[in-house]
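Comments concern the structure below.
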Amino acid sequence: MIKQSSLNTLTNNRHILSCGTDFAYVLPDESLRNLISNFTITFPNKKMISDAYTIMPHGSVTLVFFHNIKGLQSLLFGPTTKPQKVGETANTCDTIFIIEFQPAGFFPFSKINQKDLTDKILPFSSVDAALDQSLRNILIASSSADILLTETERKLMSSIQLLYPKELALAIKFIIQAQGSITASEISDRTFYSARHLNRLFNLYLGMSMKAFSRLVRINKSIALLNESMHTLAFVCEKLEYYDTSHFVKDFKMVCGITPQVYRSHMSDFYNEIAKY
């Protein structure tokens with residue numbers, strides 16, 4: 001198992017998004033970035049993560065390996081459309097290794113209908129026992145963070161079973177570029193595929209409709225803006241093309257379970273995705 005000190009020796013060829021003495025938030029190799037958003041290695045402590053720590057919905061699959069007094073365990077968080085409270089579990093661990101997938105990024109490794117995984121938390125061994133064991137072995141054998149990331153990338157590259165359709169990739173790209181403020185008919189017009197066909201792909205590969213995914217992108221964009229204290233709610237609404245503040249607050253609460261004002265006053269209790277969108 002890797003030691004916390006190995007975070008200090010991540011090589012220069014690694015694109016590090018953020019790093020401290022007890023965590024590293026790292027982009028994968030370019031060859032995997034269409035499927036994997038980022039890797040996170042964390043050595044938790046109470047000062048870092050509160051028991052109330054909650055993952056905000058971002059619509060993608062997350063694979064988590066963690067070590068505590070019960071040994072090495074793994075959980076697959078299906079495509080998330082609801083907040084997931086994880087602080088109490090995280091604070092029992094001494095090491096956590098997270099693989100964050102891009103939207104639709106997990107399907108090429110599993111070929112499982114993502115609707116069957118949406119908002120579920122499952123032992124990864126029940127989803128893919130062979131890949132689970134391989135990644136566990138890598139984590140156990142790795143003597144440094146660099147080796148862990150390199151060997152994990154190598155295994156993931158060899159585990160890709162298919163690539164997702166180009167029209168799906170285009171639709172996802174347009175939704176993210178539009179910050180979620182785009183209709184199904186506009187996406188259909190830009191991709192030259194019917195909304196019905198695209199929705200079928202979204203449900204299969206992402207576990208949700210185009211409309212649901214667009215809403216999640218829009219909310220994640222709003223969270224990024226809310227993280228900047230100089231932005232008012234009115235500014236966020238205008239930037240993301242909401243009709244008015246009340247519509248934004250209603251949409252935010254429907255997705256996140258809290259109002260934007262509550263989020264702002266307790267930001268340290270929430271994890272929000274910065275690499276996907």
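The values are calculated or read from the model by the stated rules, or taken from the named source; none is laboratory data. Please read all numbers here as calculations on a predicted model, not as lab measurements. Positions of Cβ are generated from backbone atoms using ideal geometry, with glycine treated the same way; all protein chains shown enter the neighbour counts.
Scanning the stretch 22-39 for residues that are touching a Ser or Thr at 6+ places or on another chain (Cβ under 9 Å) and of a type in the set (Val, Ile, Thr) turns up just one, 26. Looking across the stretch 140-180, the residues that are crowded, with 17+ Cβ neighbours inside 10 Å, within 21 Å of the chain's Cα centre (by Cα) and not in a helix (DSSP H, G or I) come down to 164, 178, 179, 180.
Would you be able to say whether some residue in the stretch 39-53 is surrounded by fewer than 23 Cβ atoms within 10 Å (Cβ to Cβ), among the polar types (S, T, N, Q) and in contact with an Asp or Glu (Cβ under 6 Å, 6 or more places away or on another chain)? Within the stretch 39-53, one or more residues are surrounded by fewer than 23 Cβ atoms within 10 Å (Cβ to Cβ), among the polar types (S, T, N, Q) and in contact with an Asp or Glu (Cβ under 6 Å, 6 or more places away or on another chain). Restricting attention to the stretch 233-259, the residues that are assigned to a helix (DSSP H, G or I), out of contact with any Ser or Thr (no Cβ under 8 Å at 6 or more places or on another chain) and aliphatic (A, V, I, L, M) add up to 1.
Residue-by-condition table, conditions (1) within 20 Å of residue 25 (Cα to Cα); (2) assigned to a strand (DSSP E or B); (3) modelled with pLDDT of 95 or more; (4) out of contact with any Pro (no Cβ under 7 Å at 6 or more places or on another chain):
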position: 75; (1), (2), (3), (4): yes, yes, yes, no
position: 88; (1), (2), (3), (4): no, no, no, yes
position: 92; (1), (2), (3), (4): no, no, no, yes
position: 97; (1), (2), (3), (4): yes, yes, yes, yes
position: 105; (1), (2), (3), (4): yes, no, yes, yes
position: 109; (1), (2), (3), (4): no, no, yes, yes
position: 115; (1), (2), (3), (4): no, no, yes, yes
position: 118; (1), (2), (3), (4): no, no, yes, no
position: 138; (1), (2), (3), (4): yes, no, yes, yes
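Each residue in the stretch 120-136 was checked for being among the β-branched types (Val, Ile, Thr) and either assigned to a helix (DSSP H, G or I) or more than 16 Å from the chain's Cα centre (by Cα) (or both), and 1 of them qualify. Give me the pairs: first residue in the stretch 191-210 and in contact (Cβ under 8 Å) with a residue 24 or more places away in the chain and closer than 22 Å to residue 109 by Cβ, second residue surrounded by fewer than 18 Cβ atoms within 10 Å (Cβ to Cβ) and basic (Lys, Arg), beta-carbon distance under 6 Å, and six or more apart or on different chains, which are they? Listed by first residue and then by second, the contacts come to 203/115; 207/115.
Could we say that residue 35 is within 17 Å of residue 152 (Cα to Cα), in contact with a Cys (Cβ under 8 Å, 6 or more places away or on another chain) and surrounded by 17 or more Cβ atoms within 10 Å (Cβ to Cβ) here? Considered against the rule, which asks whether it is within 17 Å of residue 152 (Cα to Cα), in contact with a Cys (Cβ under 8 Å, 6 or more places away or on another chain) and surrounded by 17 or more Cβ atoms within 10 Å (Cβ to Cβ), residue 35 comes out as no.
Of the strands (runs of 3 or more DSSP E) lying entirely inside the stretch 14-64, those containing at least 3 residues that are within 20 Å of residue 85 (Cα to Cα), under 15 Å from the mean Cα position of the chain (by Cα) and of a type outside the set (D, E, K, R) are 36-42. Of all residues in the stretch 205-232, those satisfying the criterion of being closer than 16 Å to residue 170 by Cβ and in a helix (DSSP H, G or I) are 205, 210, 213, 214, 217. For the stretch 126-146, the candidate set comprises residues that are without any contact (Cβ under 8 Å) to a residue 60 or more places away in the chain and among the aliphatic types (A, V, I, L, M); within that set, the residue that is farthest from residue 76 (Cα to Cα) is 141.
Pairs meeting the criteria (first residue in the stretch 1-23 and closer than 15 Å to residue 142 by Cβ, second residue assigned to a helix (DSSP H, G or I) and of a type in the set (D, E, K, R), beta carbons under 7 Å, at least 6 apart or on different chains) are 9/146; 10/146; 11/146.
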